[in-house]
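Below you'll find the structure, written out as structure tokens, and then a few comments.
The values are calculated or read from the model by the stated rules, or taken from the named source; none is laboratory data. Just so it is clear, the model here is predicted, and its values are computed rather than measured. Glycine gets a Cβ as well: all are built from the backbone with ideal geometry, and neighbour counts include every protein chain shown. Accessible surface areas use protein heavy atoms only, side chains included; no ligands, DNA or RNA. Shrake-Rupley method; radii C 1.70, N 1.55, O 1.52, S 1.80 Å.
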Amino acid sequence: SKENIQTIFETFRQVEKSISRKYGGLGLGLSICKKLVNIMNGKIWVESEIGKGSSFYFSIPKNDKSDK
């Protein structure tokens, strides 16, 4: 849900808190992605619809210095 979008990018956080949840994990993947994208001055976001799925996006500015 829209209320949980920021939660999924936090370290060691997951939306589903049940012990018997269907999918495991520690809640690190998206927080690591967010930190890496932020280091590169980019942004990361998600578009999600309950019952349909989620799409994750990121953008990173081009660094012209790397072309030289």
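List every residue pair whose Cβ atoms sit under 6 Å apart, with the two residues 6 or more apart in sequence or on different chains, where the first one lies in region 51-65 and is under 20 Å from residue 35 (Cβ atoms) and the second, anywhere, is open to solvent by 100 Å² or more (accessible area, probe 1.4 Å) and part of a strand (DSSP E or B).
So the pair list comes out as 59/43.
When residues of region 27-68 are filtered for being farther than 15 Å from residue 8 by Cβ and either of a type outside the set (Lys, Arg) or in a helix (DSSP H, G or I) (or both), how many remain? Walk me through it before giving the result.
Here is the first cut: in region 27-68, the residues farther than 15 Å from residue 8 by Cβ are 36, 38-43, 51-52, 59-68.
With either of a type outside the set (Lys, Arg) or in a helix (DSSP H, G or I) (or both) added as a condition, the list becomes 36, 38-42, 51, 59-61, 63-67.
The number of residues fulfilling the criteria is 15.
Out of all the residues in region 41-54, is one or more of a type in the set (A, V, I, L, M), open to solvent by less than 50 Å² (accessible area, probe 1.4 Å) and at pLDDT 90 or above?
Scanning region 41-54, I find at least one residue that is of a type in the set (A, V, I, L, M), open to solvent by less than 50 Å² (accessible area, probe 1.4 Å) and at pLDDT 90 or above, so the answer is yes.
Quick check: anything in region 18-32 modelled with pLDDT under 85 and among the polar types (S, T, N, Q)?
Yes - at least one qualifying residue is present in region 18-32.
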